[in-house]
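Enquirer: First the structure, which I've put down as structure tokens, then a few questions once you've had a look.
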Amino acid sequence: MSRTSRSFRTAAIAVVAALGLLATACGGDGGSTDSASDGKPVTIKYWTWTLGAKSTVEAFNRTHKDIKVEFTEIPSSTEGYSKLANAVKAGNAPDVATIEYQMVPEFASQGNLIDLTDYAGKTVKSKFPASVQSLVTFGGRTWTVPYDVAPQLYYYRTDLFKKYGIEVPKTWAEFTTAAAAVKKADKNVRLASMPKSDPALLAALSWQAGGKWFTTEGDAWKPGVDDAPSKKVAAYWDRLIKDDLVQSFTAYSPEETKARASGRTLSFLGASWSAGGMKTAMPDLKGKWAVAPLPNWGTAASGNYGGTSYGVLKGSRHTEAAAEFIEWLTTNRAGVEARLADLESPSSALPADPQMRPVAAAKFDTAYLGGQDLYKLASEQVDTIVPGWTWGPNQLDVYTAVQDATAKSGFGGGVTAGQRKAESGITERGLKLAR
């Protein structure tokens with residue numbers, strides 16, 4: 001077992017104790033209405049924001065007679081999770097939903113997820129690496145099924161880097177130097193944009209730097225949203241923004257995309273999943289973008305920027321059918337191919353199941369990135385993900401606090417506010433706070 005796998009497994013065991021998990025958060029059972037008495041297919045509802053969802057659902061419905069999937073697109077990030085949590089409370093939640101890894105402990109401990117051990121536990125154990133299993137399995141129970149992993153990557157315009165004489169930065173010090181050179185060459189152009197509205201990106205960058213927003217001590221939680229590495233990352237980006245060396249567009253906004261498409265932003269921080277959206281948002285720039293490892297602090301390292309799994313939400317009466325759909329999504333060749341085949345919103349996610357990575361690589365059109373093998377590079381970066389990171393029991397509230405405070409007082413203010421919210425949220429939920 002790798003160092004990363006051992007570390008994640010140790011962290012998972014500690015999380016179980018600290019959450020008190022899951023003796024109380026049973027999340028309900030799956031009901032017993034998977035077999036329709038009238039001979040009609042069982043209909044399940046599926047909510048997600050992920051690219052490729054439409055073609056995936058269409059492919060599943062064409063090839064499965066006993067199950068029909070109804071797809072609804074929802075927002076990503078905190079807005080999407082609030083919608084899911086509110087739907088559970090209201091009793092009208094979907095059967096299947098996308099749950100990023102950072103939200104699995106919170107959704108499970110709050111009783112929003114159905115225990116999938118009997119439905120998907122063997123699949124998770126047999127198909128996925130230990131480091132990925134530990135992100136969805138707590139207390140010996142399987143709560144969601146992994147789809148992808150998301151080590152950070154750096155995307156850049158090859159033609160404009162050449163125009164401005166910029167080398168691809170390998171370190172954050174080189175990134176600063178390149179940013180200053182771009183501004184000096186053209187006052188209307190910047191090397192990159194660092195959004196204040198994406199706490200997941202700040203978390204990934206803190207992770208890369210060695211930060212640990214949450215750790216456990218026995219059965220107690222110890223938040224570290226404002227630990228030294230996270231403060232270093234926050235200060236770094238606050239300084240670049242203050243010196244006007246980078247932009248700060250709202251993440252995923254039309255303004256952000258327009259700046260990239262027009263050449264006013266030369267690069268951005270992303271993951272393998274970023275490439276699919278580029279093909280549709282900036283189709284005229286085919287062959288002008290490339291991808292590289294993310295700049296680091298002196299040693300090759302990455303955080304996990306997102307990464308998704310699929311869960312069955314409390315209230316579903318079709319757990320067996322939902323689990324069948326999820327297994328097809330995550331471990332079936334046809335499911336992976338369908339997700340990448342969506343011409344309207346093609347996916348470029350890196351499958352967590354190693355056997356599915358060649359399937360995805362063979363299906364993905366490499367021409368947009370000038371023939372680069374995106375999947376080979378992304379797979380290599382999985383091994384650089386820093387081990388030991390743990391997601392907290394109130395991650396959604398922490399993200400909201402970080403985002404709100406960052407908008408007002410910068411990233412330094414964001415991590416400070418996130419730390420306060422992490423501490424208060426733990427005690428408010430009746431969990432132990434390490435002192």
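Coordinate-derived values only; no laboratory data. Predicted model, so just to flag it, every value in this text is computed and none were measured. Glycine also receives a Cβ, built like all others from the backbone with ideal geometry; neighbour counts cover every protein chain displayed.
Enquirer: For the charge dipole of region 284-329, defined by +1 on Lys and Arg C-beta atoms and -1 on Asp and Glu C-beta atoms about the Cα centroid, which residue among 323, 285, 309 has the Cα displaced farthest towards the positive pole?
Expert: The residue sitting farthest along the positive end of the dipole is 285.
Enquirer: Next question. Taking only Cα atoms, what is the 0 to 90° angle, nearest 10, from helix 77-90's long axis to the longest principal axis of the chain?
Expert: Rounded to the nearest ten degrees, it is 20.
Enquirer: Within the set of other residues whose C-beta is less than 14 Å from the C-beta of residue 294, count the net charge using Lys and Arg as +1 and Asp and Glu as -1.
Expert: Cβ neighbours under 14 Å give a net charge of -2.
Enquirer: Okay, moving on. Out of 63, 86, 96, whose Cα points farthest toward the positive end of the dipole of region 36-104 (charges: +1 Lys, Arg; -1 Asp, Glu; placed on Cβ)?
Expert: About the Cα centre, the residue reaching furthest to the positive side is 63.
Enquirer: Something else: Can you figure out the FRET efficiency of residue 367 with residue 317, using R₀ = 56 Å and their beta-carbon distance, to the nearest 0.05?
Expert: 0.80
Enquirer: Rounded to the nearest 5, what % of DSSP beta bridges with both residues in the chain are antiparallel?
Expert: Here the share of antiparallel DSSP bridges comes out near 65 percent.
Enquirer: What does the charge count around residue 363 come to, taking other residues whose C-beta lies under 10 Å from its C-beta (Lys +1, Arg +1, Asp -1, Glu -1)?
Expert: Here the charged neighbours net out to 0.
Enquirer: Mind checking the dipole of region 199-319: about its Cα centre, +1 per Lys or Arg Cβ, -1 per Asp or Glu Cβ, Debye to the nearest 20?
Expert: It works out to roughly 380 debye.
Enquirer: Now, a different point. Taking only the alpha-carbon positions of the chain and ignoring solvent, what does the Debye formula give for the base-10 log of I(q)/I(0) at q = 0.12 Å⁻¹?
Expert: Treating every Cα as an identical point scatterer, log10 I(q)/I(0) equals -0.99.
Enquirer: Measure off 7 Å from each Cα along the Cα-to-Cβ vector at residue 126 and residue 262, then give the distance between these two points in nanometres to one decimal.
Expert: In this crude spin-label approximation the distance works out to 5.5 nm.
Enquirer: By a straight-distance test (C-alpha under 19 Å), which aspartates and glutamates pair with residue 288 as possible cross-link partners, with residues fewer than eight away in the same chain excluded?
Expert: Residue 288 reaches 159, 167, 256, 365, 373.
Enquirer: Under 22 Å Cα to Cα from residue 45, which lysines show up? Leave out anything in the same chain fewer than 8 places away.
Expert: 54, 65, 68, 83, 89, 314
Enquirer: Then there is this: About its Cα centre, how strong a charge dipole does region 85-227 have in debye, to the nearest 20, once Lys and Arg get +1 and Asp and Glu get -1 at the Cβ?
Expert: 640 debye
Enquirer: At 0.36 nm per residue, and after removing the present C-alpha to C-alpha distance, how many nm does the segment from residue 435 to residue 79 gain when stretched out fully?
Expert: Separation in residues times 0.36 nm, less the Cα-Cα distance, equals 125.0 nm.
Enquirer: Test of understanding: what is the full-extension gain from residue 72 to residue 286, defined as 0.36 nm times their sequence separation minus their Cα-Cα distance?
Expert: Net length gain for the segment: 74.0 nm.
Enquirer: If you don't mind, another one. May I ask for the angle, rounded to the nearest 10°, between helix 228-242 and the longest principal axis of the chain, with both axes built from Cα atoms and the value confined to 0 to 90°?
Expert: Roughly 50 degrees between the two axes.
Enquirer: Placing unit charges on C-beta atoms (Lys and Arg positive, Asp and Glu negative, everything else neutral), compute the dipole magnitude of the chain about its Cα centre in debye, rounded to 20.
Expert: About 960 debye.
Enquirer: Identify which of 307, 413, 140 has the largest mean-square fluctuation in a Gaussian network model of the chain, with springs joining Cα atoms closer than 10 Å.
Expert: Looking only at 307, 413, 140, the largest GNM fluctuation is found for 140.
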